[in-house]
Amino acid sequence: QVQLVESGGGLVQPGGSLRLSCAASGSIFSLNVMGWYRQAPGKQRELFATITSGHITNYADSVKGRFTISKDNAKNTVSLQMNSLDPEDTAVYYCNLRILVGIESWSDYWGQGTQVTVSS
């Protein structure tokens, strides 16, 4: 079975940086997208960064220019470098693996979530 394990969350001051990692194990199909979601208190879950199996990246406007998603195929990991953090970035962060299994059909796998708190 596919499993995702996250690490790297914590407390950081405004303007600081954090790096999150997500290690995947199990059978990973060629057609896949890995991404990062976050959910702040009282708000809906937000997808803000994705990377395809071809290493094509996409970002939400809220994080563009500050966050960078990357993937290491040899280690089966996806990482998120977060710079210039703002208190509004405070949320639980989840990594996601979406495996495409058909036309507009996919299966999702999730990390356990890690808390990121930005505060002075």
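The values are calculated or read from the model by the stated rules, or taken from the named source; none is laboratory data. Note that the structure is a prediction, hence the values are computed from the model and not measured. When we count neighbours, we look across all protein chains shown, and the Cβ atoms used for this are built from the backbone with ideal geometry, even at glycine. Surface areas here come from the heavy atoms of the whole protein model, side chains and all, with no ligands, DNA or RNA. Shrake-Rupley method; radii C 1.70, N 1.55, O 1.52, S 1.80 Å.
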*Considering only DSSP states other than H, G, I, E and B, which GluC sites (Glu not before Pro) in segment 12-120 qualify as loop sites with at most 15 other Cβ atoms within 10 Å?*
GLU104
*Work out the charge dipole of segment 7-120 with +1 on the Cβ of Lys and Arg and -1 on the Cβ of Asp and Glu about the Cα centre, then indicate which of ILE99, PHE29, ALA40 is farthest towards its positive end.*
PHE29
*Read phi for every residue in segment 110-120 and hand back ³J(HN,Hα) as whole Hz from Karplus 6.51 cos²θ - 1.76 cosθ + 1.60, θ = phi - 60°, with x for Gly and Pro.*
10, x, 7, x, 9, 7, 10, 10, 10, 7, 8
_Label point 7 Å beyond Cα of LYS43 along Cβ direction - residues of segment 55-95 with amide nitrogen under 17 Å_ = 59-68, 82-95
*Hey, can you find the accessible area per residue of the chain for me, probe 1.4 Å, expressed in square angstrom?*
56
*asked:* With only alpha-carbon atoms in the gyration tensor, what are the semi-axes of the equivalent ellipsoid for the chain, in Å, largest first?
replied: 25, 14, 13
*Just in segment 12-120: which trypsin sites (Lys or Arg not before Pro) are loop by DSSP and have at most 13 other Cβ atoms within 10 Å?*
LYS43, ARG45, LYS64, LYS75
